[in-house]
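Undergrad: I am attaching a structure below and will ask some questions about it afterwards.
The values are calculated or read from the model by the stated rules, or taken from the named source; none is laboratory data. Predicted model only: the values in this text are computed from it and were never measured. Please note: Cβ atoms are built from the backbone with ideal geometry, for glycine as well, and neighbour counts cover all protein chains shown.
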Amino acid sequence: MTEPLDGPVKPTPFGVERNPARVAAFSDGVVAIAVTLLVLEIRPPHDTGHLLRGLVTLWPSYLAYSVTFMLIGQVWVNHHVMFDHIRSADRVVLFLNTVLLMDIAFLPFAASVLADAFHDGRGQRVAVVLHGAAFEFAAVLFNVIWWYARRDRRLLAVTIDSAGVRAISRRFRLALVWLGAGTLLGALIPVLGMAVIAAFIPYYWLPIEGEIERAKRRADRGRQA
């Protein structure tokens with residue numbers, strides 16, 4: 001008797017546990033659509049007689065596009081980091097991931113509001129808070145999903161040790177503090193808030209040190225075998 005295509009199922013109080021590969025694949029599709037919609041929010045200038053000046057005045061759209069695209073890219077990368085170590089997904093994980101995808105699908109709208117506010121010079125505080133809060137909510141969901149999965153290691157794979165679990169947890173908690181600080185600063189000084197949120201981009205692309213050490217140890221054991 002063959003197993004279902006999405007892996008073996010195991011009954012739990014929160015529904016059956018399923019192979020998370022389909023969760024990651026569906027999430028990839030939503031992220032791909034979200035980053036594609038970002039560029040569609042940049043409207044070309046109507047006055048082609050002064051095209052260069054019109055393109056320059058679109059700088060708020062370029063800024064919102066660049067920052068949001070890179071942040072969504074980080075969401076995508078860290079979503080894979082998380083689900084690489086989740087061996088099965090029950091109904092709670094599926095629900096929380098669905099809410100996370102709903103938030104990701106909202107991000108192109110938040111980026112459009114941000115660009116319009118900086119272009120018009122009005123409503124910048126509200127726009128920065130909306131943009132930052134959308135990413136802060138995503139950070140909250142990452143922490144909740146990871147906490148739920150790592151609790152008693154019930155949903156975690158054997159590919160990660162305790163040090164790796166703690167390293168990922170620290171990275172996710174840092175996102176909460178960093179993005180929250182940028183959002184709060186944006187309510188007072190919009191440009192400073194955006195600068196703090198943008199500064200988060202290069203740091204968060206760094207690899208997670210605990211995972212690197214774990215991978216090195218596994219590679220060393222493989223060579224010695």
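Undergrad: In region 81-111, what residues are assigned to a helix (DSSP H, G or I) and among the polar types (S, T, N, Q)?
TA: Asn97, Thr98, listed by residue number.
Undergrad: Moving on. Here are some conditions: (1) under 15 Å from Ala34 (Cβ atoms); (2) part of a loop (DSSP other than H, G, I, E, B). Arg122 meets all but one. Which one does it not meet?
TA: It is condition (1) that Arg122 fails.
Undergrad: Filter region 140-180 down to residues that are more than 22 Å from Met194 (Cα to Cα) and among the charged types (D, E, K, R) and give me whichever is surrounded by the most Cβ atoms within 10 Å (Cβ to Cβ). So that I can check it myself, show each step before the final result.
TA: Quick first cut of region 140-180, residues more than 22 Å from Met194 (Cα to Cα) only: 143-170.
Still in the list and also among the charged types (D, E, K, R): 150-154, 161, 166, 170.
Values: Arg150: 20, Arg151: 10, Asp152: 6, Arg153: 13, Arg154: 13, Asp161: 15, Arg166: 12, Arg170: 13.
Within region 140-180, the match that is surrounded by the most Cβ atoms within 10 Å (Cβ to Cβ) is Arg150.
Undergrad: Pairs please, first residue from region 26-51 and of a type in the set (Asp, Glu), second anywhere and in a helix (DSSP H, G or I) and modelled with pLDDT under 85, Cβ atoms under 6 Å, 6+ apart in sequence or on different chains.
TA: These pairs meet every condition: Asp47/Gly54.
Undergrad: Pick from region 46-80 the residues that are assigned to a loop (DSSP other than H, G, I, E, B) and farther than 30 Å from Gly29 by Cα: which of them is modelled with the lowest pLDDT?
TA: Step one: of region 46-80, the residues assigned to a loop (DSSP other than H, G, I, E, B) are 46-47, 57-58.
Adding the requirement that they be farther than 30 Å from Gly29 by Cα leaves 46-47, 57.
Working: His46: 80, Asp47: 75, Thr57: 88.
Residue satisfying both the conditions and the ranking: Asp47.
Undergrad: In this structure, does Val92 turn out to be closer than 24 Å to Trp205 by Cα and either in contact with a helix residue (DSSP H, G or I) (Cβ under 7 Å, 6 or more places away or on another chain) or buried (at least 17 other Cβ atoms within 10 Å of the Cβ) (or both)?
TA: On the way: closer than 24 Å to Trp205 by Cα: no; either in contact with a helix residue (DSSP H, G or I) (Cβ under 7 Å, 6 or more places away or on another chain) or buried (at least 17 other Cβ atoms within 10 Å of the Cβ) (or both): yes.
It is false that Val92 is closer than 24 Å to Trp205 by Cα and either in contact with a helix residue (DSSP H, G or I) (Cβ under 7 Å, 6 or more places away or on another chain) or buried (at least 17 other Cβ atoms within 10 Å of the Cβ) (or both).
Undergrad: Looking only at region 148-175, which residues are free of Cβ contacts under 8 Å to residues at least 12 places away in the same chain and under 17 Å from Leu94 (Cβ atoms)?
TA: Arg151, Arg154 - these are the residues of region 148-175 that are free of Cβ contacts under 8 Å to residues at least 12 places away in the same chain and under 17 Å from Leu94 (Cβ atoms).
Undergrad: Based on what the data block shows, is Phe83 modelled with pLDDT of 95 or more and either closer than 15 Å to Ser27 by Cα or crowded, with 17+ Cβ neighbours inside 10 Å (or both)?
TA: Values: modelled with pLDDT of 95 or more: no; either closer than 15 Å to Ser27 by Cα or crowded, with 17+ Cβ neighbours inside 10 Å (or both): yes.
It is false that Phe83 is modelled with pLDDT of 95 or more and either closer than 15 Å to Ser27 by Cα or crowded, with 17+ Cβ neighbours inside 10 Å (or both).
Undergrad: Let me ask another. Which members of region 120-132 meet the condition of being of a type outside the set (Lys, Arg) and surrounded by fewer than 16 Cβ atoms within 10 Å (Cβ to Cβ)?
TA: Within region 120-132, Asp120, Gly121, Gly123, Val126 qualify.
Undergrad: For region 187-203, which residues satisfy the criterion of being surrounded by 20 or more Cβ atoms within 10 Å (Cβ to Cβ) and aromatic (Phe, Trp, Tyr)?
TA: Scanning region 187-203 gives a single hit, Phe200.
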